[in-house]
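Encoded as structure tokens, the structure appears first; notes follow it.
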Amino acid sequence: MELKILRQEAYDALYKDISENIAFYADRKDIWIEDYYQAKGIKLPVIDTDIEAPEIELICGQDPSNDSENAVIFYENYKNLLKPVQAADRRLWAALTHTTFYNYANTRWPVTDSVNESGTNGTVTDRYFLSRGLFRNCISRLYWIPKLTYDDSLEDPYKYTKFLFSNQDLINQVDGRSLCRNKSILKSCLMVLEAKDGLTESQKRMFFEKLCKKGGISVLDGLPEENLIDMCNGILDVVLHEAVINEGSRLTLRSLSDGRTMKCEIKHGKACVNKTVLISKPENLSRLSVGKDIEIAGIKYRIISIA
């Protein structure tokens with residue numbers, strides 16, 4: 001089959017009309033995009049790329065455990081087809097999610113027949129379009145995650161591809177962080193995290209936060225891999241020894257407005273003074289660390305100690 005991309009006019013119209021088409025995403029199992037463009041009077045919605053792609057079958061269904069296998073299937077067939085500019089083109093991925101791989105998209109991320117206050121639907125904008133990055137669109141992620149994690153020096157070149165796909169929260173941490181677009185940096189991060197069992201989601205988030213801060217004061221892109229691995233191990237060591245809020249933790253907070261301190265205890269994730277439960281943002285304070293800001297009764301505080 002020949003790969004096609006949406007013309008910009010066609011992409012913009014389809015995105016603008018998400019609320020109009022939401023019932024199609026939710027209920028129709030057939031490919032309806034041609035009917036939509038015909039009704040809109042858009043006669044040439046796609047552009048030919050002159051790229052011949054093999055016909056492949058992805059494993060359909062909501063089970064996320066199939067993601068890594070689908071990524072291997074997709075990347076093995078597409079890794080030598082796309083130029084970087086094509087692989088970064090949101091119009092290509094939107095075309096694939098609405099045509100060739102619509103059945104996969106529709107079963108992997110079912111859409112509810114509802115829109116938010118902005119007239120859009122998060123599942124559609126994230127998974128069918130490219131509103132929040134290449135790691136979220138349901139097809140582009142099957143290309144880009146392997147592209148940045150594939151390592152032919154390993155017995156299983158897809159070892160870190162599979163590790164990343166095994167944890168959606170980890171994908172969210174990597175996605176959108178410019179440092180993680182560097183293959184050497186991302187590989188070093190995944191090597192270090194994969195080797196450490198029992199990490200919490202909070203610790204993984206903290207790891208990437210500290211990595212980004214490190215990248216803000218040092219140029220990491222040119223470091224040799226062994227230096228990157230040492231750096232990542234050092235960051236993880238700091239994370240593992242950093243105090244976080246658990247059940248029964250006693251906190252000291254400092255007001256950001258006047259500097260006054262307040263002490264409280266954590267019960268069921270909430271801040272309490274004696275038997276009074278305080279209203280806080282976020283509501284659940286579990287796993288937060290020293291230095292994080294929270295809001296209690298409308299006043300902003302910084303966590304300055306955890307015991």
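Order these peptides, 92-99, 271-278, by their mean beta-carbon neighbour count within 10 angstrom, highest first.
Most protected by this proxy first, the peptides run 92-99, 271-278.
Evaluate E = 1/(1 + (r/R0)^6) for Lys292 and Asp152, where r is the Cβ-Cβ distance and R0 equals 35 Å; express this FRET efficiency to the nearest 0.05.
Values: r = 41 Å, r/R0 = 1.16.
Approximately 0.30, to the nearest 0.05.
Run the count for the range 250-306, please: Lys pairs, Cα-Cα under 16 angstrom, 8 or more apart or on different chains.
11
Of the peptides 231-241, 192-202, 170-180, how do they stack up when ordered by the mean number of other Cβ atoms within 10 Å, highest first? Working shown, then result.
Details: 231-241: 16.3, 192-202: 13.9, 170-180: 18.1.
Ranking the peptides 231-241, 192-202, 170-180 by packing returns 170-180, 231-241, 192-202.
Nearest 500 deg cm²/dmol is fine: what mean residue ellipticity at 222 nm does the chain get from its DSSP H runs of n ≥ 4 alone, each adding -39,500 (n - 2.57), divided by its residue count? Don't skip to the answer; put the middle values down first.
On the way: 13 runs with 128 residues, N = 307.
My calculation for the chain gives -12000 deg cm²/dmol from helical runs alone.
May I ask you to order 292-303, 133-144 by the average number of other C-beta atoms within 10 Å around their residues, highest value first?
Working: 292-303: 15.2, 133-144: 22.2.
Peptide ranking by packing, descending: 133-144, 292-303.
For the range 143-189, just say rounded, prolate or oblate: build the C-alpha gyration tensor, square-root its eigenvalues into a ≥ b ≥ c, call rounded for a/c under 1.5, and beyond that prolate if a/b exceeds b/c, oblate if not.
On the way: a/c = 2.05, a/b = 1.35, b/c = 1.52.
Oblate, since a/c reaches 1.5 and b/c is not below a/b.
Would you work out which of Asn80, Gln8, Ile59 lies farthest towards the positive end of the dipole of the chain, given +1 charges on the beta-carbon of Lys and Arg and -1 on that of Asp and Glu, about the Cα centre?
Among Asn80, Gln8, Ile59, the one farthest towards the positive end of the dipole of the chain is Gln8.
Using Cβ contacts closer than 10 Å as the measure, can you line up Arg127, Arg7 from fewest to most? Can you show the working numbers first?
Values: Arg127 25, Arg7 17.
By the 10 Å Cβ count, ascending, the order reads Arg7, Arg127.
What residues have an amide H closer than 5 Å to that of Ser305, excluding those fewer than 5 places away on the same chain, when H is modeled at 1.01 Å from N in the peptide plane?
Thr252
For Cys189, Cys212, which order do you get if you count the other beta carbons within 10 Å of each Cβ and list the fewest first?
Values: Cys189 29, Cys212 13.
Ascending number of Cβ neighbours within 10 Å: Cys212, Cys189.
Would you indicate which of (1) 5, 22, 28, 23, 14, 6, 1, 0; (2) 5, 22, 25, 23, 17, 7, 1, 0; (3) 7, 31, 40, 20, 2 is the value of P(r) over Cα pairs in 10 Å bins from 0, in percent derived from the coordinates of this structure?
(2)
What list of ³J(HN,Hα) values in whole Hz, one per residue of the range 269-277 in order, does the Karplus curve 6.51 cos²θ - 1.76 cosθ + 1.60 (θ = phi - 60°) give from phi, with Gly and Pro shown as x?
Values per residue, Gly and Pro as x: x, 10, 7, 10, 10, 6, 9, 8, 8 Hz.
Each value in this text was obtained by applying a stated rule to the coordinates, not by laboratory testing. For clarity, every value in this text was computed on a predicted model and none was experimentally measured. Reconstructed Cβ throughout: ideal geometry from the backbone, glycine too, with neighbour counts over all protein chains shown.
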